[in-house]
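Notes follow the structure.
The values are calculated or read from the model by the stated rules, or taken from the named source; none is laboratory data. Every value quoted in this text rests on a predicted model; they were computed, and no experiment measured them. All Cβ positions, glycine included, derive from the backbone under ideal geometry; neighbour counts span all protein chains shown. Just the protein is used for accessible areas: all its heavy atoms, side chains included, with ligands, DNA and RNA removed. Shrake-Rupley method; radii C 1.70, N 1.55, O 1.52, S 1.80 Å.
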Amino acid sequence: MATMLNKRVTGAFGKQAPVRSARLAAIRPSRTSIRVAATAATDEGLGFKTMRDGIKVAADETLLTPRFYTTDFDEMERLFSLELNKNLDMTEFDAMLAEFKQDYNQRHFVRNETFKAAAEKIQGPTRKIFIEFLERSCTAEFSGFLLYKELGRRLKATNPAVAEIFTLMSRDEARHAGFLNKAMSDFNLALDLGFLTKNRKYTFFKPKFIFYATYLSEKIGYWRYISIYRHLQRNPDNQLYPLFEYFENWCQDENRHGDFFTAVLKSQPDMVNDWAAKLWSRFFCLSVYITMYLNDHQRDAFYSSLGLNTTVFNQHVIIETNKSTERIFPAVPDVENPEFFKKMDLLVKYNTQVVNIGKMNLPEPVKAILRLPLLERMVAEVFQVFIMTPKDCGSYDFAENKTALVY
């Protein structure tokens, strides 16, 4: 069943696009906040709260919403210090820095008159889910910008090459976030990114976990964007908004970022070559896969508006991301085991019931009691998924017997 599913979705979305490159550009984060005209009357009935005219109050933070991250920057400095790590191989980092400096997407994110006109044609419930999609995407990209920018600043003295790569990645993320926020303004709303920077909660991860999480975030972002792009190229009637026409080149930024974190993990073999690394690798894979699967099924109407089958799309993205991840993580979930997506679908079922309880006109204590057995079942299913037999894998560079490896 898993093999058949993999063939079906791969055939639907096509092959992986070639990796391209990037070039240095200045970033002014203050310009990522966009001022727009007062909210249109058609938007007032969508239920969004505004801080002021045209500026949307950010969506409430939940377990499934994009987060802002911080880390132990002192430890980061030690990990990349050329003085403390005399054997740190900079060959791959220097090559990647040259790639990032090319900045092939420098002139890619140029809007045209079709954006606003297309947005005006999107009305009713579809308009609301488009705004929610743009907000979530913008928040996620801006989160990457903040983290990479700070890492670029902190590592400048200890490892100038790696620091510059982080700065160039923050350039990419700022460009993406600004483009998405400007797209929101087509719908007469935008985010105050400066306000978010100061007021949103930051989640602390140790450097090792930052590497796992950001690698997966970038690679799964690549597969999401390229899959949507290819689908809409085959089905132009579903191209409701021109943003998606930019995804082919856009996703190459995500792919390059993921490749950089592959190089980072290779430079820190202790993070990917023991039993603890195997457990953490599987944990982060499942965290990212489950979060996306539940989030997207909660927003099935958005993917349906693009002519996508949410389940098939998600399974395709997870399978392809997992294949990419096998090349660096020491262990990954066996997502092609037929039981894997059966359990994922059960999680969607339980999560849907939890969401529906939240919409009931009942006292909060009663809702909590009704949610409890469903949450217990979800925890049990997640545990069952975690203890499924994983796939042992890892980088070719770490293999003792390279002749025995087949990709």
For Leu82, Leu151, the accessible-area ranking with a 1.4 Å probe, largest leading, is Leu82, Leu151
Rounded to whole Å, give me the distance from the Cα center of the stretch 206-258 to that of the stretch 44-79.
20 Å
Check: the chain dipole with +1 on Lys, Arg Cβ and -1 on Asp, Glu Cβ, in debye
680 debye
Give the relative contact order (percent, whole number) for the chain; include only Cα pairs under 8 Å separated by 6+ residues.
20 percent
Using +1 at the C-beta of Lys and Arg and -1 at the C-beta of Asp and Glu, which of Ile210, Ala98, Ala183 has the Cα lying farthest in the positive direction of the dipole of the stretch 57-211?
Ala183
Could you work out the helix-only [θ] at 222 nm for the chain, with each DSSP H run of four or more residues adding -39,500 (n - 2.57) and the total divided by the number of residues, to the nearest 500 deg cm²/dmol?
-20000 deg cm²/dmol
Signed unit charges on C-beta, dipole axis of the chain, positive-most listed residue Gln384, Leu147, Ser81:
Leu147
Mind checking which lysines have their C-alpha under 23 Å from Lys359, skipping anything on the same chain fewer than 8 residues away?
Lys49, Lys56, Lys128, Lys349, Lys367
Students often check this: by mean Cβ neighbours within 10 Å, which of 359-366, 256-263, 280-287, 115-122 ranks highest, and how do the rest follow?
256-263, 280-287, 115-122, 359-366
Is there a quick way to get the dipole size of the stretch 71-110? I mean about its Cα centre, with the Cβ of Lys and Arg at +1 and of Asp and Glu at -1; what is the value in debye to the nearest 20?
260 debye
By accessible area with a 1.4 Å probe, ligands and nucleic acids excluded, highest first: order of Tyr202, Tyr215
Tyr202, Tyr215
What residue among Lys86, Lys323, Lys342 has the largest mean-square fluctuation in a Gaussian network model of the chain, using Cα springs under 10 Å?
Lys86
Pick out which of Glu320, Glu61, Glu248 has the largest mean-square fluctuation in a Gaussian network model of the chain, springs linking Cα atoms closer than 10 Å.
Glu61
Arranged from highest to lowest average of other beta-carbon atoms within 10 Å per residue, in what order do the peptides 164-170, 298-304 appear?
164-170, 298-304
Any idea which of Thr310, Ser287, Val272 is furthest toward the positive side of the dipole for the stretch 205-327, if Lys and Arg beta-carbons carry +1 and Asp and Glu beta-carbons -1?
Val272
